[in-house]
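Everything on this sheet refers to the single structure shown next.
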């Protein structure tokens, strides 16, 4: 499986290098983004122009690259909490891309489609042609719909990333549709899924499953993957934190998996099941203290005091400590503090 992934990626890179070598930069400022961040259009392999936000420092030496993924209902130009990614990269001297990958998750080419996945791959390839990138430090981060796509990219293309940080992501598209279809009424998230699939998911829906991170996360076992979710999400937010716990189970070995009944009980009661240890302190999370944490191999899942949000301080400092091919660094003692009031993310 991994050989096929690497071969496919290599063939893709050789066939599209000339296509991806150029982008069209626009002079228009995009509200909410730092002035150093440009709006660009990246030629992609289906003939379209993928819009993105882009920053690279002037230094000539190799630099880390951060791919920030927009949320479920957003696009490449949506700033909000995603602008914190760009601010971090400007301050730390990293390159940064915020790709569109077909925009809000309500059309057939969006919502984790093969085309959307390829758009992210091509955004990485394009960035590497624009500036010198440290291949050992290519990072991926996202929350909500971006958390869904971050986990999907971890499973579909683990060979690209040094580490992936995924927050409050959807693990199973069909399950999430069901969670947003109550008493015969579908809310906007359920309707978005119908718009993307062309219908409501059916039993054992192959297309919905292919767009779900749970379908491929077993491929990410060799990749440092940090999954986090607020305990109040699903009540005060749109994605029950069960999704992240089930995603963790898809990556780790069977003996390390969390008990399914325990996951269900944890979400229903918001109390740790018997035998589940409370998490230790983690200063990266600040007031969003971890309540439960499991680690196995290269994968970690954290349920923290919070809702449908990302704790940028935890996500970005953790990514900065990781190097491709090295064991994950779970304890980050020296870190750069970030504003905790900007932890919330758009939907």
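Each peptide in 45-51, 134-140 was scored by the mean count of other Cβ atoms within 10 Å over its residues; highest first, the order is 134-140, 45-51.
So what is the 222 nm mean residue ellipticity for the chain from helices alone, if each DSSP H run of at least 4 adds -39500 (n - 2.57) and you divide by all residues, rounding to the nearest 500 deg cm²/dmol? The partial results should precede the final answer.
Working: 10 runs with 110 residues, N = 347.
Rounded to the nearest 500, it is -9500 deg cm²/dmol.
The base-10 log of I(q)/I(0) for the chain, evaluated at q = 0.13 Å⁻¹, reads -0.95 [Debye formula, identical scatterers on Cα atoms, solvent excluded]. For segment 195-347, the convex hull drawn through the C-alpha positions has a volume of 139 cubic angstrom per residue.
First measure r as the distance between the Cβ atoms of residue 235 and residue 107, then evaluate 1/(1 + (r/R0)^6) with R0 = 35 Å and state the FRET efficiency to the nearest 0.05. Don't skip to the end; give the middle numbers.
Working: r = 29 Å, r/R0 = 0.83.
Once the sixth-power term is evaluated, E becomes 0.75.
Projected label points at residue 59 and residue 323, each 7 Å from Cα along the beta carbon direction, are separated by 1.6 nanometres.
Each label point was placed 7 Å from the Cα along the Cα-to-Cβ direction; for residue 159 and residue 265 their separation is 4.3 nm. Taken over segment 93-233, the ratio of Cα radius of gyration to 2.2 N^0.38 Å equals 1.07.
Take the Cβ-Cβ distance between residue 135 and residue 75 as r, set R0 to 30 Å, and report the resulting FRET efficiency rounded to the nearest 0.05. Kindly include the intermediate steps, with their values, before the conclusion.
Details: r = 28 Å, r/R0 = 0.94.
With a Förster radius of 30 Å, E is 0.60.
Tally the DSSP beta bridges in segment 141-253 and give the antiparallel ones as a percent, rounded to 5. Walk me through the intermediate numbers first.
Working: 2 of 9 bridges.
Here the share of antiparallel DSSP bridges comes out near 20 percent.
Taking 0.36 nm per intervening residue step and subtracting the Cα-Cα distance, what contour gain separates residue 203 from residue 114 on full extension? Walk me through the numbers before you get to the answer.
Working: separation 89, 0.36 × 89 = 32.04 nm, distance 2.13 nm.
Additional length available on full extension: 29.9 nm.
Can you give me the C-alpha center-to-center distance between segment 137-216 and segment 271-347, rounded to a whole angstrom? Answer, in whole Å: 21.
We did not get these values from a lab; they are worked out from the coordinates using the rules stated. Here the structure is a predicted model, which means the values were calculated and not measured. As a convention, Cβ positions derive from the backbone with ideal geometry for all residues, glycine included, and neighbour counts pool all protein chains shown.
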